[in-house]
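One structure is given here, and the rest of the page talks about it.
Only the coordinates and a few stated rules stand behind these numbers; no lab work does. What you are looking at is a predicted structure, and each value in this text was computed from that prediction instead of being measured. Because the Cβ atoms are built from the backbone with ideal geometry, glycine has one as well, and the counts that use them run over all protein chains shown.
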Amino acid sequence: MRRLLTITLILCLAAPARPASQAVVLVVRADSPVRELDSVSVRKLFLGLPVLINGSPLHPLRNRSDALLDEIFLQQIVAMSQSNYDRQILIGVNRQGWLRPTEYHRLSDLVDALKADSSSVSFMWQRDVGHNADIRVIRVLWGD
Amino acid sequence: MRISHLLLASTLLCSHLARGDPWQYELLLMPSAQAVGTFHRQAPVTEIVDEVVQIDTLFTVQRGPFKLFGEFLLSDHEGDLERFQLGWQATQDTVVWIGRYHQPTSVWNHDHHHGQYLQTSITRPFVDEWEDLGGILPQHFTGMLIESGHKAFGSWRLRTAVAGGLAPIITPQGLEPFDLLHPDSRHHQVGFQGSVSLHPGELTESGFGLLAATDELPAIGLTAPPLPGLDHADLKLLGAFGIYAAAEWKILATWYHARANLCSPVSSTGENFGVGYVEAERRLPHDLTGFLRWESSADAGESIYLKLFPMFVRQRNVLGLRWDFVSHQALTLQLSDTNTLDGHFSDIRLQWSAAFL
């Protein structure tokens, strides 16, 4: 009986104290020509710099559907504060006519835009990809 | 056919080559308002305008690797299509532009262009001043510009820009660039510019480089030229620059060595002069940024070419403070002490500037 209690206690301590782990993934349309994208290219893409695949520029879609995603975007993807990011975007438009990433505040709108353009690239929670056959995961950008 | 119409037609033509790619647009507005007070005035010419209200509008229309990019500046004293370029993103690191561009040997102008919000100080160094504000070097050209970047020495980045296009002419009002909206190319000659720079990373502003340009500037309609019968000036520039940009500090320095040959039908005379500046900017608490700039020149007093530009600044000290009081809006206060070829003056400026994307 004492042994059983000890095992139960150990199992309780080892059990997760928070919800299942989360991950943010880089996604494209299922038939996108994008096969892989390193972190430097992802950063350039979301800073508005041209990133070309087969001679055509990719189109970054910024997912702003929740505040935590915004935080992960700034810390992990572009690695700068919101004010520095805003300034970088302004500089790109002013110097080179670069386009800033299109922003989506609703996940359904983002998914629709992703499905409509094979050159688009975005990021979302892995759980939001689910079993959507129209979306392909390129890589994990962040996981807790 | 006007060049602006030609560029529009080319954009539509190029768009067929990017079938399947969506049309994309961007619009950036950068308004600003400035008041200037001049004191200790002992120079015959100081400022062209004492108040400036302006709005700088940038627009991009892009489809696939082709884009049409423009900058239109509307102010209380001018309205001008400053840049109008058709661009082709040839590779990830190379873009080819045709149209009206800002020449790449001016580091300041190539970085800041006309929008006031993106430059910390209110005024630009006089060596980089625009032609219609008394500037001494050609800034706007119409032709082709190719900008490129390559990996070099491991993680360093080599950036190059080469360009060739119609250069400004010298008129009684100063340098006058080729105007896309009222084109008249009769007197304009082709000038060439190039810059090469090394940077420790792809996304950093820090770096250093060399600049070179050669321009033939015809003199048109001068009633009292400094050289009798002046026909044109051959201007050759060699320069070097360095930028250190960190979280709290930014330091920018540029120096140009100029060789000017002034030619008349009966004689020509050659001369050398130098112009440059150092600017230091320091980020402070409470969204404040302090800045200092020292502008100087060498052998300017003996230059006949510089006598064509009565507002030329021989030496200037600039001191100021910028406050980014809300997102995308700033107030700037600036004090300057200026020596021209003919005198001296001081001024104080207050500016509001903003950017709306």
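With N denoting the number of residues in the stretch A:59-144, provide Rg(C-alpha) divided by 2.2 N^0.38 Å, to two decimal places.
1.13
For peptide A:84-91, how many partner chain Cβ atoms fall within 10 Å of a residue's Cβ, on average?
4
How long are the semi-axes of the equivalent ellipsoid of the stretch B:110-173, defined as square roots of 5 times the Cα gyration tensor eigenvalues? Whole Å, largest first.
28, 18, 9
So, with +1 on the Cβ of K and R and -1 on the Cβ of D and E, and no other charges, what is the size of the charge dipole of the protein assembly as shown about its Cα centre, to the nearest 20 debye?
In debye, rounded to 20, the protein assembly as shown gives about 2100.
Name the most mobile residue of B:Ser155, B:Ser264, B:Ser297, meaning the one with the largest mean-square fluctuation, in a Gaussian network model of chain B with Cα contacts below 10 Å.
For chain B, modelled as a Gaussian network with Cα springs under 10 Å, the answer is B:Ser155.
Give me the aspartates and glutamates in straight-line cross-link reach of B:Lys307: C-alpha distance below 13 Å, same-chain residues under 8 apart excluded.
Once the sequence-local aspartates and glutamates are set aside, what remains near B:Lys307 is B:Glu271, B:Asp299, B:Asp342.
Given A:Leu69, A:Trp98, A:Val28, which one lies farthest toward the positive end of the charge dipole of chain A, if we put +1 on the Cβ of every Lys and Arg and -1 on the Cβ of every Asp and Glu?
My answer, from the dipole projection, is A:Leu69.
GNM, chain B, Cα, under 10 Å: largest mean-square fluctuation among B:Gln334, B:Gln92, B:Gln54?
Of B:Gln334, B:Gln92, B:Gln54, the Gaussian network model singles out B:Gln92 as fluctuating most.
Show that you can apply the helix-only estimate: for chain B, add -39,500 (n - 2.57) for every DSSP H stretch of four or more residues, divide by all residues, and state [θ] at 222 nm to the nearest 500.
Helix contribution divided over all residues of chain B: -2000 deg cm²/dmol.
Using all Cα-Cα distances in the stretch B:34-88, what percent lands in each 5 angstrom bin from 0 up to the longest?
Histogram of Cα-Cα distances, whole percents per bin: 4, 15, 18, 14, 13, 11, 9, 7, 5, 3, 2, 0.
If I model a spin label as a point 7 Å beyond the Cα along the Cα-Cβ vector, how far apart are those points for A:Leu74 and B:Met144 in nm?
With each label point 7 Å from Cα toward Cβ, the separation is 4.4 nm.
Please work out the Cα convex hull volume for the stretch B:3-354 and give it in Å³ per residue.
For the stretch B:3-354, the hull spanned by Cα atoms encloses 138 Å³ per residue.
Calculated FRET efficiency, B:Asp76 and B:Ile251, Cβ-Cβ r, R0 30 Å, to nearest 0.05?
0.35
Wrap a convex hull around the Cα atoms of the protein assembly as shown, take a quarter of its surface area, and give that in square nanometres.
Orientation-averaged projected area of the Cα hull: 28.9 nm².
Looking only at Cα atoms, what is the convex hull volume of the stretch B:193-342 per residue, in Å³?
Measuring per residue, one finds 142 Å³ for the Cα hull of the stretch B:193-342.
Taking a point 7 angstrom from the Cα of B:Val53 along the C-beta vector, which residues in the stretch B:77-101 have backbone N less than 16 Å away?
Correct set: B:77-79.
Identify, among B:Ser297, B:Ile220, B:Ile98, the residue whose Cα sits farthest towards the positive end of the charge dipole of the protein assembly as shown, taking +1 on the Cβ of Lys and Arg and -1 on the Cβ of Asp and Glu, with the dipole about the Cα centre.
Farthest towards the positive pole: B:Ile98.
Mind checking the dipole of chain B: about its Cα centre, +1 per Lys or Arg Cβ, -1 per Asp or Glu Cβ, Debye to the nearest 20?
780 debye
On the principal axes of its Cα set, how long, how wide and how thick is chain A? Give whole Å, largest value first.
Computed over chain A, the largest-to-smallest principal extents equal 73, 35, 26 Å.
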